[in-house]
1. In the range 229-252, what residues are open to solvent by 40 Å² or more (accessible area, probe 1.4 Å) and modelled with pLDDT of 90 or more?
2. Hey, Asn135 hits all of (1) open to solvent by 30 Å² or more (accessible area, probe 1.4 Å); (2) touching a helix residue (DSSP H, G or I) at 6+ places or on another chain (Cβ under 6 Å); (3) over 18 Å from Phe283 (Cβ atoms) but one; which does it fall short on?
3. Six or more apart or on different chains, Cβ atoms under 7 Å: show the pairs whose first residue is in the range 1-24 and polar (S, T, N, Q) and whose second is part of a loop (DSSP other than H, G, I, E, B).
4. Please go through (1) open to solvent by less than 40 Å² (accessible area, probe 1.4 Å); (2) out of contact with any helix residue (DSSP H, G or I) (no Cβ under 7 Å at 6 or more places or on another chain); (3) outside any loop (DSSP other than H, G, I, E, B); (4) in contact (Cβ under 8 Å) with a residue 24 or more places away in the chain for Leu124 and return the number of the only condition it doesn't satisfy.
5. Could you check, for the range 224-232, whether at least one of its residues is more than 26 Å from Phe133 (Cβ to Cβ) and in contact with a strand residue (DSSP E or B) (Cβ under 7 Å, 6 or more places away or on another chain)?
6. So, Asp105, is that one of a type in the set (D, E, K, R), modelled with pLDDT under 80 and not in a strand (DSSP E or B) or not?
7. Could you please let me know if Ile127 is of a type outside the set (S, T, N, Q) and either over 14 Å from Val224 (Cβ atoms) or in contact with a Pro (Cβ under 8 Å, 6 or more places away or on another chain) (or both)?
8. Specify the residue that is modelled with the lowest pLDDT; the eligible residues are those in the range 183-228 that are in a loop (DSSP other than H, G, I, E, B) and among the aliphatic types (A, V, I, L, M).
Amino acid sequence: MLEQLILISSALVGCGEGTTELPLGTAMERIDAQLSAYCAERGFSYDSDVAPILSPSGEVTGFRTEINGEELTFDLDGYSMDASPSSEDPDYYASTLAGMTPLSDLISSNGFSVNSCICRIPSLVSIYGSSPFGNWTPVSFNCDIDDCAQIASLDLIYTYRLTNATNPSIYSSASALYSALQSSQNYQPGLGIVLSDYLPGLSATLTSSFQASSGSFNATKPVVCAYSPASGNVGHFAMKIGEAETTAFWFIKTKWDVVVSSNKNYIGTEPVMIDNTNEACFFGIEANRRQATFVLFGC
């Protein structure tokens, strides 16, 4: 049987920029040599055991190895990945800081760079200037222990309200909208909601001028994403506003979603003014945990 050829990042196999096609065995040998040299320079423990990660159809999707006793998995482009993603959705989605990295910690990570952001966050602007960022006004409500789906929906709708001076919702106050979302999204006290109830529940609160659907983030407007759990069986909903990456080992990088979640950033009872210096609501979530993306369309 002919050896499988793979299209792999040139940086992973020590060949510079771009991509290159190599036999699987050759690629593994070159990755092993790169990692061996990297670890030797830094005093890391490395056992030279690069192994391929295969899709159900037998295609190579990435590689698995171990450094300093910890498993490291990465795809053919050099980004970290989940070696064995769950085949089942979490039972419920609720509010938790677990698995979210504060933006200040993310910025201080090795090789941090922001690829997109729809708003001007002061700590990012201080690094990159204001030109790479959009002009949205992100709104963040406080989360309770089990209401992240409703809070992410509020964040999205009120971000549209403050940015575009238009109300996507048939409800005029945050408290009325919150209660309506709990009902329409089949909120279960102490548990949260199931993924399938999110979109129809959000749609039920919108005016005829707006529609919600599954989609993708295009760096021009906010979206709401559902994320698998960092541990256990409880996922999380959050409003995504940008994308970033950090460097783990050598040329192996981690993709991040920049999200708004958990902490209030507005002044007063009803959001009418944002405290732009408050960055406690901004977090990073590893992008490979993203399970679904919901987009708002309208005038």
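The values are calculated or read from the model by the stated rules, or taken from the named source; none is laboratory data. None of the values given here were measured: they were computed from a predicted structure. Every residue, glycine among them, receives a Cβ derived from its backbone with ideal geometry; neighbour counts consider all protein chains shown. In case anyone asks, the SASA skips ligands and DNA or RNA and just uses the protein heavy atoms, side chains included. Shrake-Rupley method; radii C 1.70, N 1.55, O 1.52, S 1.80 Å.
1. Glu243
2. So Asn135 meets the others, but not (2).
3. Sorted first by the residue in the range 1-24, then by its partner, the pairs are Ser9/Leu76; Ser9/Asp77; Ser9/Gly78; Ser10/Gly16; Ser10/Glu17; Ser10/Gly18.
4. (4)
5. The answer is yes, given that some residue of the range 224-232 is more than 26 Å from Phe133 (Cβ to Cβ) and in contact with a strand residue (DSSP E or B) (Cβ under 7 Å, 6 or more places away or on another chain).
6. No.
7. yes
8. Going through the qualifying residues, I end up with Leu191.
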